[in-house]
1. Of the residues 96, 119, 170, which single one is closer than 23 Å to residue 24 by Cα, away from the ligand (no atom under 16 Å from the Cβ) and of a type outside the set (Val, Ile, Thr)?
2. Select from region 1-21 the residues that are in a helix (DSSP H, G or I) and of a type outside the set (Gly, Ala, Ser) and list them in ascending order.
3. List the residue pairs whose Cβ atoms are under 7 Å apart, where the first residue sits in region 116-144 and is of a type in the set (D, E, K, R), the second is in a loop (DSSP other than H, G, I, E, B) and crowded, with 17+ Cβ neighbours inside 10 Å, and the two are 6 or more positions apart or on different chains.
4. Please tell me if residue 175 is within 18 Å of residue 24 (Cβ to Cβ), away from the ligand (no atom under 12 Å from the Cβ) and in contact with a helix residue (DSSP H, G or I) (Cβ under 7 Å, 6 or more places away or on another chain).
5. Only one of 155, 147 is away from the ligand (no atom under 16 Å from the Cβ) and within 13 Å of the chain's Cα centre (by Cα); which?
6. Here is a list of conditions, (1) within 18 Å of residue 168 (Cβ to Cβ); (2) among the aliphatic types (A, V, I, L, M); (3) buried (at least 19 other Cβ atoms within 10 Å of the Cβ), and residue 27 meets all of them except one; can you say which number that is?
7. Search region 153-174 for residues that are assigned to a strand (DSSP E or B) and crowded, with 17+ Cβ neighbours inside 10 Å and pair each with any residue that is of a type in the set (Phe, Trp, Tyr) and at pLDDT 95 or above when their beta-carbon atoms are under 8 Å apart and the residues are at least 6 apart or on different chains.
8. For region 118-151, how many residues meet the condition of being loosely packed, with under 13 Cβ neighbours inside 10 Å and outside any helix (DSSP H, G or I)?
Amino acid sequence: MKVMAFVGSPRKGGNTSKIVDSICVGIKENGHAVEVYYLSDLDNKGCKACGSCQENKVEYCAINDKMTAFLPKIADADYIIVGTPVYMLQLSGYTKNFLDRLFTFYVQSNHTARYLPGKKYITVTCSGAPAEAFRNVTEYLNQLFSGSFQMENAGNIIAGNLLNKDDIIKQQEILKQAEDMGRKLR
Ligand SMILES: Cc1cc2nc3c(=O)[nH]c(=O)nc-3n(C[C@H](O)[C@H](O)[C@H](O)COP(=O)(O)O)c2cc1C
């Protein structure tokens, strides 16, 4: 089983990262390997809207950057975990730029998807405000992954009251929920 986890916060070891790490602890207990990446390290140049991926001019993407090298790995993964902090009422820019590059997996001509349908996904969102304030961010992610990409939802973690880097340590129940979610991935 191949699991890829993406952290959309540039704050290394911050709340999003700690929750994603807890999911990974649960996954590793079952002997599965997980690769974790900070999206801020991926040198993502951003979708250029060139249309090459939709016109089958390239296998994945015409842009020459590290993100393009990740696309076949994502196509090959069984599970995808995406964690994002809330920035200015929405996903972080790193996360949105990452999601834009998944356009290659969407087939615009007939509104279907390739490679991703049937894979499982987990989302994590962290906000300074109470958790329920930004449920819309999770709903958006579900709309994209379950709806557009026809993936299976394996869990959503929505955490709030997290202003400082280590605030999540005070919410052990969330970290436990994350570990349990990871343990359940099959
Ligand atoms: C640029 C920026 C914008 C933010 N905007 C919001 C916001 O609109 N609403 C909110 O509740 N928290 C906001 N926050 C707080 C973060 O969502 C929160 O601290 C989160 O836990 C950060 O995750 P991290 O520790 O993984 O970096 C913002 C933080 C930054 C740096």
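The values are calculated or read from the model by the stated rules, or taken from the named source; none is laboratory data. The model shown is predicted, which means the values in this text are computed figures rather than measured ones. Positions of Cβ are backbone-derived with ideal geometry, glycine not excepted, and every protein chain shown enters the neighbour counts.
1. Within the list 96, 119, 170, the selection yields 119.
2. Once the filter is applied, which keeps residues that are in a helix (DSSP H, G or I) and of a type outside the set (Gly, Ala, Ser), region 1-21 yields 15, 16, 18, 19, 20, 21.
3. Pairs that qualify, where the first residue is of a type in the set (D, E, K, R) and the partner is in a loop (DSSP other than H, G, I, E, B) and crowded, with 17+ Cβ neighbours inside 10 Å, are 119/77; 119/151; 120/151; 120/185.
4. So residue 175 passes the test.
5. Result of the check over 155, 147: 155.
6. Residue 27 satisfies all of (1) within 18 Å of residue 168 (Cβ to Cβ); (2) among the aliphatic types (A, V, I, L, M); (3) buried (at least 19 other Cβ atoms within 10 Å of the Cβ) except (1).
7. The qualifying pairs are 154/79; 154/121; 158/134.
8. 2
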